[in-house]
Each structure stands twice: as C-alpha cells, then as structure tokens.
Amino acid sequence: MSMPRATFLVLLALADRPRHGLGIVDRIEDVTEGETKLGPGTLYTTLQQLLGHGLIRQTAEAPDPDDHDSRRKYYRITPLGTRRLRDEARQIRRLSRAAARHVLGDS
Amino acid sequence: VIAPAPRIVRRAARLVLRLYPRAFRDAFGAEFLDLAERRWHRERRASGRPGAASLRTGRMLVCDAARAIPVAWRERRPRPGGSLPPPDRGPRLMHLLRDSLTDLHLGLRSHVRQPASTALVVLTLALGVGASTAAFSALDRVVLHPLPFPGGDRMAYVSMLMPQRGWQLAPAAEHVRRWREGARTLDGIEVYQRSSFTRSGEGAAEIVSADLVSAGLPAMLGVRPVLGRMLGPADAAPGAPAAVMLSERYWRAAFGGRPGAIGQRVQLSDRVHTVVGIWPDLARFDYQAVPDVIAVSASPHARGEFALVLARRAPGVPAEDVERELAALSAGIDGVPPGAVPQLGPPYGFLSDAYVQGIWLVFAGAFALLGVAVVNAGNLLLGRAANRTGEIGVRLALGGTTRRLLRLFLAESLILASAGAALGALLAVLIGRGYVLVAPERQLAAGTWLHGRAVVFAIAVTAVAVVVCAVIPAWRSRSARARPTARPGCVRGSWAHRRCWPCCSRPARRSWPGASRA
C-alpha cells in the first residue's frame with residue numbers, strides 16, 4: 001500500500017540521522033531541490049502519525065552536540081520505519097521504471 | 001538568536017494552531033509556532049520585503065491548515081502501543097464484516113446475560129412498533145392508498161357533484177355509456193352495484209349480500225382468484241349461463257372452504273348460478289367488505305340508479321383533464337340536475353370527515369407512543385451502560401475509539417430493535433385481527449393487514465430506534481474513561497468510596513492508569 005508523499009519525505013529526511021522539526025523541513029527542501037516545502041501542520045501531523053505507527057520515535061540524543069537546543073524534540077527512524085521506507089522506495093523505483101518505459105519511451 | 005517575526009504573523013500562527021486538537025497543540029504547539037516564524041524569516045530573506053514575506057507565510061499557513069487539520073483531528077487519539085494497523089487483515093469489506101459479526105456476537109452475549117432488562121427493552125420497542133405499524137397500516141389502506149390494485153393510484157370514483165349544495169349523486173347509466181364510448185383520458189371505466197339475493201335450495205333460505213359488477217371490472221382491478229377463475233365478459237354475454245363468485249369468507253362459512261364448491265350450482269333469487277371462483281377477501285374495492293357473492297351483469301344499473309362508477313385514468317393524465325372531458329361528454333343528458341358536474345374522488349369520499357380525521361388522530365397518537373417507547377428503550381440502555389463503565393473504560397484504554405464503541409452499541413441495539421420489530425409486527429397483525437373481532441361492523445379493518453408499505457414503515461421506525469438507542473449510551477459512555485476502575489460496591493459517600501483510589505481520587509477527564517500504554 002503506497003504511503004502519502006509527506007510521510008515518505010519525512011521518513012526519507014530521517015533516514016540518515018535524527019533531526020528536529022526544522023531540520024526535517026530543511027532536509028526535505030534539499031532532497032527535493034526546493035520543490036517541496038512542508039508547512040508546520042503537515043509536518044507535525046505526519047510526525048504524529050509516524051509516532052503512532054511506530055515508524056519513528058522521539059530521541060533525546062542530538063546528532064550534533066554543538067547545535068543542541070534543549071527545547072527541540074528530535075526524531076529518529078525505527079527499524080520498522082526503515083523497512084517501510086525501503087519497501088516504498090522499491091515500489092517507487094518499479095513504478096518509475098514502468099513510467100519511463102511506457103510513457104517516456106525509454107528502452 | 002533571531003529577531004521575532006512581526007506580531008501579525010505570530011498571531012496568525014497562533015490562531016491557526018487553535019484549530020488543531022488540544023493533544024496536537026500540547027505535543028507540537030511550540031515547535032509549530034517556531035517553525036512558522038522561521039518560515040517567515042526565510043521568505044523575508046528570499047524576497048527582501050517583510051510585507052511580502054508575511055503574505056506568503058499567511059498563505060502557506062492557511063493552505064497547510066486545510067490539508068493538515070482534518071488529519072490532525074482524525075488522528076487525535078494515538079493508536080495504542082505504537083503498533084501499525086495490521087497490513088494483512090484482508091479487504092476492508094471483509095474486515096468490516098468480521099468486526100460486525102464479532103460485535104453482534106458480543107451484543108447477543110451481553111443481552112443473554114441480562115435477560116430481564118433485555119426483555120423489558122424488547123417489549124417496550126414491540127409496543128411502540130406494533131401500535132404505530134397497525135395505525136400506519138390502517139391510515140395507508142383507508143386514506144393514503146385505498147385501492148390496493150395495480151394502477152390503484154390512478155383509480156377514482158366518479159360522482160356527479162352539485163357545487164351549490166355540495167351534494168354528490170351517482171352517475172346515470174347514460175353517463176357511463178357516453179363516457180365509456182367517448183372518453184380518451186380514461187383507460188377503464190366500470191360499474192358495480194350493491195344488492196342482495198335470496199339463496200334457496202338446501203336448508204332454509206337466506207339473504208346473501210351481492211355485488212353486481214360490469215363485465216370488465218375484475219380485469220380492471222387485476223384481482224387473482226383464490227380458487228377457480230375470475231368473471232369475464234363471456235359471463236355477461238346474452239344467453240350465457242349465470243355465473244357467480246363467492247367471497248372467501250362466505251366460501252368458508254357456507255361451503256367449509258372445500259375446493260369442490262367450484263362448479264356447484266346455487267339458487268340465487270330467481271336464477272340458478274354456477275360458482276366459478278373464489279374472490280379474495282382482501283381485494284375489496286370500497287369501504288364495504290367483499291359481499292357474499294359477486295355476479296357479473298351486462299347492466300348493473302338495471303336494478304336501480306345508485307350504481308357506483310370506478311374509473312382509471314390513462315397514465316400521465318391529470319384528474320382535472322378527465323373531469324373536463326367527462327363534463328363535456330355529459331352535456332344534454334335528461335334528468336340530470338342543472339349544474340351537476342362529474343368529479344373524481346377517493347373512496348373515502350363516502351366516509352365522514354370525522355372518520356378520516358379520527359384515523360389521522362389515531363396514527364398521530366400511535367406515532368407519539370413510538371417516540372415514547374424509543375426514548376424509554378434508550379433510557380433503559382443508558383442505565384445499562386452506566387453499569388458498564390468498567391468494561392467501557394477498558395475498551396477505551398485498549399485503544400477503542402468512540403466510533404468503535406458506537407458500532408458495538410449499534411450492534412447491541414440492532415439485536416434488540418430487530419427482536420422488538422418482529423414482535424411489534426406480530427402485534428400489529430393481532431391488533432388488526434382483534435379489531436375485526438371486537439367491532440365486526442367496522443369493515444375497514446378488513447384491509448388493515450401488514451402489507452408492503454407497512455413493513456417498510458416498521459423497518460424505518462426500527463432503524464430510527466436502533467440509532468437512538470445506540471447513540472445516546474455510546475455518547476454518554478465516552479466519559480467512562482474518567483472512572484473506569486470503580487471497585488464493585490464503591491458508592492459515592494461510602495467507606496469503599498473513600499478508599500477507592502483509582503476511580504475517585506484521580507481528577508475527571510484523566511485517563512485510566514492503563515490507558516496511556518495498553
């Protein structure tokens with residue numbers, strides 16, 4: 001079952017290391033080359049869902065001790081989240097190949 | 001440290017944040033506002049103008065809120081234990097079906113455990129459904145759909161109205177002849193006359209009530225005989241042997257309901273008639289019961305001028321057009337009072353207004369009784385739900401949502417309402433039968449059986465009862481999480497109450513100790 005785009009992007013942003021809310025937004029902007037800017041509502045409802053589903057969890061550990069701010073909450077992807085992210089990425093890759101072959105005419 | 005965003009941006013962000021559920025605000029509110037401010041700073045850096053940055057931030061907040069707020073409200077109660085919804089539960093329909101069956105099973109078990117209150121609720125609903133269905137059945141048969149035949153909604157009685165005096169006269173034979181030959185707006189017009197015969201031959205002579213009907217009436221009504229065949233034009237042909245149909249009631253009374261009655265010869269007044277079929281009692285075509293015998297006549301007017309005329313409009317033709325055409329065809333007939341015009345009317349034109357109003361009044365009363373019954377049943381279920389706070393609290397603590405709880409209550413009340421409706425339908429039939437026994441002269445009751453529309457009515461009121469009986473307790477039970485662990489015997493003011501820490505010493509609206517992580 002395909003996951004919503006915002007969910008996928010948030011998981012993707014957390015794939016390499018824990019981040020806080022603003023860090024996730026920044027990372028998504030980087031990854032999508034500025035095409036997607038998550039609003040605060042979308043971001044935090046997505047985080048709420050992912051926490052509820054156990055795909056991410058909150059962590060006290062800041063990835064960069066120099067940039068640590070005790071008011072911020074950091075989120076880390078769980079092994080289950082990583083698995084779901086990989087499944088989704090594979091599915092997107094399959095779909096992308098199919099679209100390239102049938103729509104764009106790639107061989 | 002960054003400079004704060006303009007006050008208008010911060011206020012807008014706070015205003016939007018207030019639209020999210022409280023749990024969301026508690027968990028993410030500060031970060032939400034911080035992120036909105038930072039977004040403003042970025043926009044300002046990008047555009048260089050604070051005003052444009054404020055506008056863009058405001059637009060972003062609104063668009064974002066439109067997408068996110070419904071999700072936030074949907075997700076306001078976190079799933080228990082951080083578990084994913086099981087991905088392999090099969091199609092949603094099957095899942096729903098399985099859950100519904102489980103709910104029905106649980107509901108049935110719950111009712112079996114409390115037989116007294118279950119019986120009370122079922123009886124209450126049965127009284128309401130039975131009385132209202134019987135009253136609706138009578139109303140439908142007498143006022144709403146008095147002619148229960150195919151195309152019955154286009155059938156009407158034709159009378160000659162004298163508007164000056166308000167009198168209704170029976171049309172004469174000449175009227176019927178002209179209308180039958182000339183009317184294009186009708187696709188059937190038939191006549192019958194109430195009469196009587198003297199039956200003689202075996203035993204003592206007796207007077208039997210009779211209808212002399214025109215040859216096409218049975219075909220126009222589309223009645224199917226209980227036994228034998230219907231009367232037809234061949235029976236009215238000159239020289240044809242006299243044929244007669246018996247009513248179902250008379251057939252049972254005089255012939256013991258034996259099929260051998262068909263073909264027997266009976267002496268009616270001065271002619272011998274052959275019994276050709278049995279006319280069903282329910283197929284009455286006015287407010288009199290079906291007479292003992294029905295004979296066909298080439299000219300029902302021959303025995304008097306008070307024959308009744310039953311007409312069926314052609315499909316799509318309004319009654320006013322028919323009346324205009326019949327009036328035009330009636331011009332110049334001798335013996336017709338001046339100013340008399342044809343009028344189409346329902347059979348209840350033969351009833352007094354007080355009678356029709358009485359039927360409406362009875363229906364209104366029965367409907368009010370149904371309302372009282374449903375509210376009472378809901379109240380009883382509410383009382384039961386109050387004793388189930390422990391069970392409901394555990395369900396909520398284990399992650400049950402209000403919707404899930406509502407489904408459980410719906411299943412429970414569906415069982416009760418179905419039992420109540422079945423019993424109520426039986427009651428409605430018994431009320432109809434009882435009415436005939438108590439007041440046999442009121443022949444209207446002969447038509448108050450449980451027919452299709454009455455069944456639909458009963459199902460509709462049952463559905464309302466189901467929803468009312470389920471929603472009230474489910475809604476009230478949402479607060480069960482405030483004191484789900486009340487000990488048995490913990491009554492406010494008692495010693496046990498003072499010692500009962502979980503249910504009494506925790507503030508209201510806080511969750512049960514196990515609720516946060518089941």
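The values are calculated or read from the model by the stated rules, or taken from the named source; none is laboratory data. These figures come from a predicted structure and were not determined experimentally. Cβ: placed from backbone, ideal geometry, glycine included. Neighbour counts: every protein chain shown.
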For B:L33: the one exception among (1) more than 11 Å from chain A (Cβ to nearest Cβ); (2) aliphatic (A, V, I, L, M); (3) in a helix (DSSP H, G or I): (1)
Count of the range B:37-59 residues which are of a type outside the set (A, V, I, L, M, F, W, C), more than 12 Å from every other protein chain (Cβ to nearest Cβ), within 20 Å of A:G34 (Cβ to Cβ) and loosely packed, with under 14 Cβ neighbours inside 10 Å: 4
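Residue-wise test of (1) loosely packed, with under 15 Cβ neighbours inside 10 Å; (2) touching a strand residue (DSSP E or B) at 6+ places or on another chain (Cβ under 7 Å); (3) over 20 Å from A:L43 (Cα atoms).
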position: B:R7; (1), (2), (3): yes, no, yes
position: B:L15; (1), (2), (3): yes, no, no
position: B:D26; (1), (2), (3): yes, no, no
position: B:L35; (1), (2), (3): no, no, no
Pairs, first under 19 Å from B:A134 (Cβ atoms) in the range B:357-384, second aromatic (F, W, Y) and modelled with pLDDT under 85, C-beta under 7 Å, six or more apart: B:F363/B:F136
Residue within the range A:27-47 that is outside any loop (DSSP other than H, G, I, E, B), in contact (Cβ under 8 Å) with a residue 40 or more places away in the chain and farther than 18 Å from B:R42 by Cβ present: yes
Of all residues making up the range B:1-30, the number that are more than 57 Å from the chain's Cα centre (by Cα) and either among the hydrophobic types (A, V, I, L, M, F, W, C) or not in a loop (DSSP other than H, G, I, E, B) (or both): 5
Among (1) surrounded by fewer than 20 Cβ atoms within 10 Å (Cβ to Cβ); (2) within 11 Å of the chain's Cα centre (by Cα); (3) closer than 30 Å to B:R18 by Cβ, the one test that A:A60 misses: (2)
Qualifying residue in the range B:366-386 (condition: part of a loop (DSSP other than H, G, I, E, B) and either buried (at least 20 other Cβ atoms within 10 Å of the Cβ) or not basic (K, R) (or both)): no
Any hit, the range B:318-325, residues being within 23 Å of B:L217 (Cβ to Cβ), in contact with a helix residue (DSSP H, G or I) (Cβ under 8 Å, 6 or more places away or on another chain) and surrounded by fewer than 18 Cβ atoms within 10 Å (Cβ to Cβ): no
Check on B:L426, at pLDDT 80 or above and within 25 Å of B:G107 (Cα to Cα): yes
Count of residues meeting criterion [surrounded by 15 or more Cβ atoms within 10 Å (Cβ to Cβ), touching a helix residue (DSSP H, G or I) at 6+ places or on another chain (Cβ under 9 Å), in contact (Cβ under 8 Å) with a residue 60 or more places away in the chain and more than 16 Å from B:S413 (Cβ to Cβ)] in the range B:387-403: 6
Residue under evaluation A:L9, criteria (1) crowded, with 21+ Cβ neighbours inside 10 Å; (2) at the interface with chain B (Cβ under 10 Å from one of its Cβ atoms); (3) within 23 Å of B:A65 (Cα to Cα), criterion not met: (2)
Matching residues in the range B:152-181 - criterion: being more than 19 Å from B:A340 (Cα to Cα) and surrounded by fewer than 16 Cβ atoms within 10 Å (Cβ to Cβ): B:G152, B:D153, B:E181
Filter pass, A:A100 being over 24 Å from B:L35 (Cβ atoms) and either in a loop (DSSP other than H, G, I, E, B) or more than 14 Å from chain B (Cβ to nearest Cβ) (or both): yes
From the options B:I189, B:I207, residue that is at pLDDT 85 or above, surrounded by fewer than 19 Cβ atoms within 10 Å (Cβ to Cβ) and among the aliphatic types (A, V, I, L, M): B:I207
Filter pass, A:G21 being in contact with a Leu (Cβ under 6 Å, 6 or more places away or on another chain) and within 18 Å of A:S2 (Cβ to Cβ): no
Residue in the range B:431-449 that is within 22 Å of the chain's Cα centre (by Cα), at pLDDT below 75 and in a loop (DSSP other than H, G, I, E, B) present: yes
